[in-house]
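**Q** Below: one structure in structure tokens.
The values are calculated or read from the model by the stated rules, or taken from the named source; none is laboratory data. All values derive from a computational prediction rather than experimental measurement. As a convention, Cβ positions derive from the backbone with ideal geometry for all residues, glycine included, and neighbour counts pool all protein chains shown.
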Amino acid sequence: MKIFRHHEGLSDDVKGGVIVLGNFDGFHKGHQTVIGRAWKVAREMNVSLSVLVVEPHPRHFFNPSQEDFRLTSFRTKAHLLEDFGVDRLFVLPFGKDLAQMPAQDFVTEILLKNLGIQHIFAGYDYHFGAGRGGNAQTLQDMSLEQDFDVTIVEKIMEGDHIYSSTNIRDSLRAGDVRTGADQLGHWWHVEGHVLRGDQRGRTINFPTANLSMAGYIKPKRGVYAVRVIIDSPGSGPDSGPDSGPDSEKAKGVWHGVANMGNRPTFGKDDLMLEAHIFDFDFDIYGQSIKVEFVDYIRPEHKFDGLDSLREQITKDCEAAKKILSDPQNQRAVVPIPRAQGFL
């Protein structure tokens, strides 16, 4: 998948095709259905499939001091879209100019003139343009006057449940990562570079790989059973440099237990994700990894001392190993559209 951070001066071979509009935070089953249907149309037309998003999220632009709410970082979103078969990702910088652009100009200038789009897909609740003045009906009305097709995908439901990023955020804040995974169609996960912490875990024989939670929604604090994915150095869009000498040897899917919290036993107050990887003895400082949340084990506690903490972590590891031994917890992250039945 190619990523474009501009929409002007593109070569003809980049223009045209099918494009899907949206934010796709979390890339849940509703998002997958919209893009899966667009993928099918693009293949029938023998053209490329593109996705257009804006960064930063408009909510952050208009209210930069609000608490982090995003289910996925840009890197995570790009990985998921790429895995799902998207050919191009257009990322428009969201600032004053784009926020004040009339909805009709967004379509005519950006989508039609600069990108040359032939077919636009959007969800029923998609809004765009100044004051969120454009919506699905705007796209349909303009398609009657301009030379492009539009498909509006209605709400995607399972029974009486609507797939939505808001519902998933509520599940994560309650620690119910399994319900979140059911709605996402993949494990909710955090990606980042392993930070060099104070290495206290090594003193009790439970070393951890630490990740910052900056930018992510904060799930319920506590201990989780996790899967840790370590890919090739520098793989994927926007990945960082390889700093760990054992990065190639460490490649693969590992099981572990992670604490999401402030480490009260050590008097810390900064929020950190600390993952202890089972049977792992590699230096991966600086390496980009992904931590998938599989199940919630217990709330975060403050312990009287290192002995009681060590004893509890041993129990947590046993609980996590039992959870992760279940074959149901070995599912793929995001299947390609063919596996979703779109063909």
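**Q** Can you go through LEU139, LEU144, LEU111 and tell me which one is within 26 Å of the chain's Cα centre (by Cα) and either at pLDDT 95 or above or surrounded by fewer than 18 Cβ atoms within 10 Å (Cβ to Cβ) (or both)?
**A** When all the criteria are applied, what remains is LEU111.
**Q** To continue, here is another question. So which residues in region 124-136 are under 21 Å from ILE156 (Cβ atoms) and either out of contact with any Asp or Glu (no Cβ under 8 Å at 6 or more places or on another chain) or buried (at least 17 other Cβ atoms within 10 Å of the Cβ) (or both), if there are any at all?
**A** Passing the criteria: ASP125, TYR126, HIS127, PHE128, ASN135, ALA136.
**Q** In region 173-212, what count of residues is obtained for those that are among the aliphatic types (A, V, I, L, M), surrounded by fewer than 21 Cβ atoms within 10 Å (Cβ to Cβ) and at pLDDT 95 or above?
**A** 1
**Q** A further question follows. Residues of region 152-183 being touching a helix residue (DSSP H, G or I) at 6+ places or on another chain (Cβ under 6 Å), touching a residue at least 12 places away in the same chain (Cβ under 8 Å) and not in a strand (DSSP E or B), which ones?
**A** ILE156, TYR163, ILE168, SER171, LEU172, GLY180, GLN183
**Q** Are there strands (runs of 3 or more DSSP E) fully within region 1-67 with at least 3 residues that are out of contact with any Pro (no Cβ under 6 Å at 6 or more places or on another chain) and closer than 25 Å to LEU112 by Cβ? List them.
**A** 18-21, 49-55
**Q** Moving on to the next point. Considering only residues that are among the aliphatic types (A, V, I, L, M) and touching a Leu at 6+ places or on another chain (Cβ under 7 Å), which ones fall in region 81-106?
**A** LEU81, VAL86, LEU89, LEU92, LEU98
**Q** Do the conditions hold for PHE90, that is, is it buried (at least 16 other Cβ atoms within 10 Å of the Cβ) and modelled with pLDDT under 95?
**A** Details: buried (at least 16 other Cβ atoms within 10 Å of the Cβ): yes; modelled with pLDDT under 95: no.
Here the answer is no, as PHE90 does not meet what is asked.
**Q** Follow-up. Considering only region 84-114, state which residues are touching a strand residue (DSSP E or B) at 6+ places or on another chain (Cβ under 7 Å) and among the aliphatic types (A, V, I, L, M).
**A** Listed by number, the residues that qualify are VAL86, LEU89, VAL91, LEU92, LEU98, ALA103, LEU111.
**Q** Could you please let me know if PHE90 is assigned to a strand (DSSP E or B), over 18 Å from ARG37 (Cβ atoms), in the same structural domain as LEU10 (by TED's automatic domain parsing) and in contact (Cβ under 8 Å) with a residue 60 or more places away in the chain?
**A** Yes, satisfied.
**Q** Which numbered condition in (1) charged (D, E, K, R); (2) at pLDDT below 90; (3) farther than 25 Å from GLY26 by Cβ is the only one that ASP238 fails?
**A** With (1) charged (D, E, K, R); (2) at pLDDT below 90; (3) farther than 25 Å from GLY26 by Cβ applied to ASP238, the lone miss is (3).
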